[in-house]
Number of protein chains: 4
Amino acid sequence: MDRLRVGIVGASGYSGAVATRLVVAHPRLALTFATSDRVAGSSLGVELGALLPQDVRFVPNASAIEHAEACDAVILATTAEVSLRLAPAFAEKGKQVIDLSGAFRLDASSYPRWYGFTHDAPGWLDGAHYGLPELFGAPPRTAIVANPGCYPTAALLALAPLLRERLVLPASIVVDAKSGVSGAGRQSGDAYSFMEVDDDVRAYKILEHQHTPEIVRGLSRFADRTATDSVEVTFTAHLLPVKRGLLATCYARPRSGTTSSHVVECLAQAYRGARFVRVVPPAEVMLKRVVGTNLAQVGATANQDVVVAIGAIDNLLKGAAGQALQNLNRMNGWDEDLGLGHLERVAP
Amino acid sequence: MDRLRVGIVGASGYSGAVATRLVVAHPRLALTFATSDRVAGSSLGVELGALLPQDVRFVPNASAIEHAEACDAVILATTAEVSLRLAPAFAEKGKQVIDLSGAFRLDASSYPRWYGFTHDAPGWLDGAHYGLPELFGAPPRTAIVANPGCYPTAALLALAPLLRERLVLPASIVVDAKSGVSGAGRQSGDAYSFMEVDDDVRAYKILEHQHTPEIVRGLSRFADRTATDSVEVTFTAHLLPVKRGLLATCYARPRSGTTSSHVVECLAQAYRGARFVRVVPPAEVMLKRVVGTNLAQVGATANQDVVVAIGAIDNLLKGAAGQALQNLNRMNGWDEDLGLGHLERVAP
Amino acid sequence: MDRLRVGIVGASGYSGAVATRLVVAHPRLALTFATSDRVAGSSLGVELGALLPQDVRFVPNASAIEHAEACDAVILATTAEVSLRLAPAFAEKGKQVIDLSGAFRLDASSYPRWYGFTHDAPGWLDGAHYGLPELFGAPPRTAIVANPGCYPTAALLALAPLLRERLVLPASIVVDAKSGVSGAGRQSGDAYSFMEVDDDVRAYKILEHQHTPEIVRGLSRFADRTATDSVEVTFTAHLLPVKRGLLATCYARPRSGTTSSHVVECLAQAYRGARFVRVVPPAEVMLKRVVGTNLAQVGATANQDVVVAIGAIDNLLKGAAGQALQNLNRMNGWDEDLGLGHLERVAP
Amino acid sequence: MDRLRVGIVGASGYSGAVATRLVVAHPRLALTFATSDRVAGSSLGVELGALLPQDVRFVPNASAIEHAEACDAVILATTAEVSLRLAPAFAEKGKQVIDLSGAFRLDASSYPRWYGFTHDAPGWLDGAHYGLPELFGAPPRTAIVANPGCYPTAALLALAPLLRERLVLPASIVVDAKSGVSGAGRQSGDAYSFMEVDDDVRAYKILEHQHTPEIVRGLSRFADRTATDSVEVTFTAHLLPVKRGLLATCYARPRSGTTSSHVVECLAQAYRGARFVRVVPPAEVMLKRVVGTNLAQVGATANQDVVVAIGAIDNLLKGAAGQALQNLNRMNGWDEDLGLGHLERVAP
């Protein structure tokens, strides 16, 4: 049985490295090429860990497209600017494309404000599939898969079912999220040094984080179209002194009549049978139960004034590379957890 | 110049230990007694650090009241149940009382639900002074001083001026707070072990935290009394993998016309001249700038949908023992920062 | 192909939990029973993570022997006192026994001093196999396998080849080791609380650690028997503010003529082809390259006065549960890395 | 009473910043100037914390010497190369010079190998005073004070008295030291990022650390001059995932007849009355008891084969800026703990 040949662009960043490991260990995938400008020429085994081939070497990012013929699918773990160019280039050659950047997640009109560029591939953008499988199903083979952002993944998993079942109002939603340092990508410089990050917590990009419109867009697909209120989300990201893991604490106003058991039951119903989402009491949603796995934990409670729904994921797995593989699995008709089911949480 | 003689009940807990160190180093205070059941008989120097006297020993909690005559003031760093009994006992003897528990912070009617007991000293409760100096001024000498909770201190400092100036609406306020482990007090048991806490974050006591009514009560004193809406707060506490420090990210709906510069200016105005509150851009409010000091940092921003106001403190200093000393200083007419001004942040 | 049926005693401790996960995921093993007094009656899935069966429940430790008939092999992740009784009981029934405790690692005469009991199964002790596969080969099927301690695993892997090749002298060896908190086992109580452990490092059991005679005994098997000097080791363990991982920095006196390239080459030669030991420059031996895997890293350098050899492992994997599975694999003639090869390091 | 006017070169590095805070808070010192290329033009208060003057600004390093006339003393918290030039320049103008670099700590012949330069101020070097007050007394006013390195401070305090009293042999000494990240100075770049440092431990500069000859030189002053063996030290530094604090675990061979009580008593005797050194059982020597203070903890034990002596300090205080102030105090005839006595440990 032939393996699907996969190339990875940006394979030495945190998400790219995790994706590379997952591809190498996957029973139906074969790694064709891996790009990285930072460590071009060095071997995967040396850079990414003992289980990776010592004899396969990183190639420069600029050479990615030259390797297109040698692959059936490509995972782009790079900036939105680079993906904007590469994703259509690979897609036009008939390759499956999973893009971990934000380049194909929003409406074209949102790009100038939130990403600082004009989207010049609006056709591909319109056809792109937002790859959050538990909410949006299996990706079609011919679409660019916009792999969701880490914060939107956690927030949408916690909130979307509540909105779909009309248990919460679409206005005045607050998403207060906390993420480990790897969420910022591989960064050098003082701001992400141990001395600056350890023992500290702070908010960043307040009211300006590019995941805000992505959460709004995702939730809007579940909101009551006949309602007068549109989805309105305040999103704040915080930097935690941990390496991996992301917790999104979400607040929404309940519709009249919504009770705590309604919201608990709604989530249980929504994720019944879901391989990678676990519904637990909200005070048991915690980083250590998900870090190292492709699992999301969600939980919710309510009183007459508010619904609190919490979601937790490993930002590099369910929030990035793990979800990319999950999308690739579903796209190709394989078991959703192929190559992902062995991942166990890191906490003893 | 005689020193004010101070006793401390619960002096080996985290807040009590910090209070003990501050009292010993204070130029106008003399430590008279320190109680602790856990280390009764052991010396302060051995238990709390090199600068404390080696020859002064902890006495059992039960002996506290026997030492009343030997002191002019007492700091209670103990449970609400114990304070409920001890605070009036010391106050009736004419002693200055600073209570770090929640026993004198709420209306009597709130205690059964939030603290699990009926308040049997409603007279002292009615006369108690809520000791957040920047918002409620100097304590009268004859009142029990209810030293604020750590979460309410941060939330009220960030939100109260905005409410007072009618820049935000009193309804639908969300306070999403994150605290270091010392906020839970000295705990043994699995839940606070390094293995459980490190690399993790989770919410706790969701919709049931006893600081919720304290925040509501504090904010209500600043809300427009003629308004139809009353103050309504959703408060969530999260446990961080850090020892000290607390960040409260607060969300409120702006009144029509409120702009970002309004909220920035409002905070700047409110704390002009305040020794222990610094107004900074909200993304610069961070634990490491306040841990080790009695300072609070606050900052805010807004768009047309929301006001985000963030406060940070060291939960053991401005959120407990430091504020206790600040109250004691003002109560006795001394400089507010006496014995507190030397505290420097821990971060290099 | 029938699976080997495995029971685990002490399955909710840190090592036991990791062993349980490894057994469940292993292609040739089937979990028969798992004991734990702490969580008896609760399901494996709830306690140990999402990938474990929800419908299999912990049974009390005391019932372990009752389940002997239902298993072919047992992993004992419990105290030396309990193993001393259980290991022979299972072995007498013809079961394969892997003992993670120290009960079968030393000479009988060492137990009173180092473990505080008289060894009452000296026959089984004499026949026990010290299960460090890279140094002592595959265990025989009928012996109790004494799975090595975490510190001895790292120290022996770093030092034994140097002693075997007579590059270092057996006297005056110093092993200065640093371990994450999980090495202490699941502990409650103040000493292992986050507040005590984080931001701290200290030595413990100085000159009294029970792994000292184990290191001496292991090294002695590689020392020159004709030499006048016997092996003499000073061992110090330190507690690190990390969850997992152990680094042993070892110092030995070089024999005359030993150079840095001798020691580097010696280690390279010793572990050529070893699946789970990687020889790297000593400054690249680090926790983050091994945590999450069954790998050991070793490296060495020398000048005319000293040989410095460093070893690092994940104390719960190569230092406990991973090595147990490795032993079980070799004992049964399977590939050494069956059920272990997928383990990837946690660090991105 | 006039204050001594002090300038600080390199005032925004970790040690320099701590020195700056100490100088500002010191009752007999006045800060005259503070240099930093990184933040030249910015105010001390903004960069270093709330207690520092908002209106005093950093000046460029190159302007340091221009400010010489305005100061009575200078603290050099910069590289050895810069100190080599600046220390004599200030000293020739009659200024008191405390140099935190290694430029005046070794014999001239050691510089090419360990620091990579030829020492071109051998006269000043010969006259320099090695400023470890508990071992070498008060500095003369006219010498350049070579403030000891952090590792040598801890190692010498633990070992020197044992060598002086001939309890240990000078050969085969091992110093295995572990330090927090601030010991590396303010670094940007991947190697000191949170992602690289957290959850990790590793050795660095193995057998090549420039503090090795400094420890040898310091110990040699206490060794028996008639002995045939000279002092021989193997020193290894390890990087810990903590911000501040340094633990040195030292191993030496006992002279015949040395017992554990000898070494305990020797340290107790050596530091009787020492304001900043506490002798405790070696398993109680730990970072958290010293971090935030100018204290050193030392402790030792022995058996017939080895003496283990452990020292702990805050690398930025007793290991750098605190000791600099202690030297300045003694140099000027003030109380040793002036401006240092209020420092309390950070741990609650």
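The values are calculated or read from the model by the stated rules, or taken from the named source; none is laboratory data. Just so it is clear, the structure is predicted and the values come from calculations on it, not from any experiment. Please note: Cβ atoms are built from the backbone with ideal geometry, for glycine as well, and neighbour counts cover all protein chains shown. Side chains are part of the model used for accessible areas, which takes the heavy atoms of the whole protein and leaves out ligands, DNA and RNA. Shrake-Rupley method; radii C 1.70, N 1.55, O 1.52, S 1.80 Å.
How many residues are at the interface with another protein chain (Cβ under 7 Å from one of its Cβ atoms), open to solvent by less than 10 Å² (accessible area, probe 1.4 Å), out of contact with any His (no Cβ under 6 Å at 6 or more places or on another chain) and not hydrophobic (A, V, I, L, M, F, W, C) when one looks only at the stretch C:161-189?
2
Here are A:ARG105, A:ARG85, A:ARG113: which of them is open to solvent by 50 Å² or more (accessible area, probe 1.4 Å), within 22 Å of the chain's Cα centre (by Cα) and more than 14 Å from every other protein chain (Cβ to nearest Cβ)?
The unique qualifying residue is A:ARG85.
Tell me which residues, restricted to the stretch D:88-113, are closer than 25 Å to D:ARG21 by Cβ, of a type outside the set (D, E, K, R) and assigned to a loop (DSSP other than H, G, I, E, B).
Those that are closer than 25 Å to D:ARG21 by Cβ, of a type outside the set (D, E, K, R) and assigned to a loop (DSSP other than H, G, I, E, B): D:LEU100, D:SER101, D:GLY102, D:ALA103, D:PHE104.
Working only within the stretch B:271-305, note down all residues that are open to solvent by 10 Å² or more (accessible area, probe 1.4 Å), part of a helix (DSSP H, G or I) and in contact with a Lys or Arg (Cβ under 8 Å, 6 or more places away or on another chain).
Those that are open to solvent by 10 Å² or more (accessible area, probe 1.4 Å), part of a helix (DSSP H, G or I) and in contact with a Lys or Arg (Cβ under 8 Å, 6 or more places away or on another chain): B:ALA283, B:GLU284, B:LYS288, B:ARG289.
What are the residues in the stretch B:75-114 that are of a type in the set (Phe, Trp, Tyr) and more than 22 Å from B:ALA11 (Cβ to Cβ), if any?
B:TYR111, B:TRP114
What is the number of the single condition among (1) at the interface with chain C (Cβ under 10 Å from one of its Cβ atoms); (2) touching a strand residue (DSSP E or B) at 6+ places or on another chain (Cβ under 7 Å) that D:PRO241 does not meet?
Here D:PRO241 clears every test but (2).
Considering the stretch C:54-64 alone, what residues qualify as being within 20 Å of C:LEU328 (Cβ to Cβ) and open to solvent by 10 Å² or more (accessible area, probe 1.4 Å)?
Of everything in the stretch C:54-64, just one residue is within 20 Å of C:LEU328 (Cβ to Cβ) and open to solvent by 10 Å² or more (accessible area, probe 1.4 Å), namely C:VAL56.
Report those strands (runs of 3 or more DSSP E) wholly inside the stretch A:1-87 carrying at least 1 residues which are without any contact (Cβ under 8 Å) to a residue 60 or more places away in the chain and among the β-branched types (Val, Ile, Thr).
A:29-35
Here's a check for you: in the stretch B:28-51, which residue that is within 17 Å of B:ASN332 (Cβ to Cβ) and open to solvent by 10 Å² or more (accessible area, probe 1.4 Å) is farthest from the other protein chains (Cβ to nearest Cβ)?
It comes out as B:THR32.
Within the stretch B:35-53, does at least one residue satisfy the condition of being under 23 Å from the mean Cα position of the chain (by Cα) and modelled with pLDDT of 95 or more?
yes
Just name the residue that is nearest to the other protein chains (Cβ to nearest Cβ) out of those in the stretch B:212-234 that are surrounded by 24 or more Cβ atoms within 10 Å (Cβ to Cβ) and under 30 Å from A:VAL280 (Cβ atoms).
B:VAL233
Just to check your reading of the model, which residue among A:ALA268, A:ALA248 is outside any helix (DSSP H, G or I) and either more than 9 Å from every other protein chain (Cβ to nearest Cβ) or open to solvent by less than 40 Å² (accessible area, probe 1.4 Å) (or both)?
A:ALA248
Given B:GLY273, B:GLY292, which one is more than 14 Å from chain A (Cβ to nearest Cβ) and either at positive phi or not aliphatic (A, V, I, L, M) (or both)? Spell out how you get there, then give the answer.
Values: B:GLY292 fails: more than 14 Å from chain A (Cβ to nearest Cβ).
After ruling out the rest, the residue left standing is B:GLY273.
Looking at the stretch D:1-27, which of the residues that are open to solvent by 50 Å² or more (accessible area, probe 1.4 Å) and away from chain B (no Cβ under 12 Å) is farthest from D:ALA73 (Cα to Cα)?
D:MET1
Considering only the stretch A:306-341, how many residues are within 26 Å of A:VAL174 (Cα to Cα), facing another protein chain (nearest Cβ under 10 Å) and either β-branched (Val, Ile, Thr) or open to solvent by 10 Å² or more (accessible area, probe 1.4 Å) (or both)?
The number of residues fulfilling the criteria is 4.
Provide a single number: the residues in the stretch B:194-208 that are more than 8 Å from chain A (Cβ to nearest Cβ) and either within 12 Å of B:ALA184 (Cβ to Cβ) or open to solvent by 20 Å² or more (accessible area, probe 1.4 Å) (or both).
Total satisfying the criteria: 2.
Within the stretch C:251-265, work out how many residues are within 14 Å of chain D (Cβ to nearest Cβ), assigned to a loop (DSSP other than H, G, I, E, B) and not β-branched (Val, Ile, Thr).
Residues that pass the stated criteria total 1.
With respect to D:THR258, determine if the residue is within 22 Å of D:LEU167 (Cβ to Cβ), among the polar types (S, T, N, Q) and either modelled with pLDDT under 95 or touching a Lys or Arg at 6+ places or on another chain (Cβ under 9 Å) (or both).
yes
Mind checking which residues of the stretch D:21-41 are over 11 Å from D:ALA11 (Cα atoms) and of a type in the set (D, E, K, R)?
D:ARG28 - this is the single residue of the stretch D:21-41 that is over 11 Å from D:ALA11 (Cα atoms) and of a type in the set (D, E, K, R).
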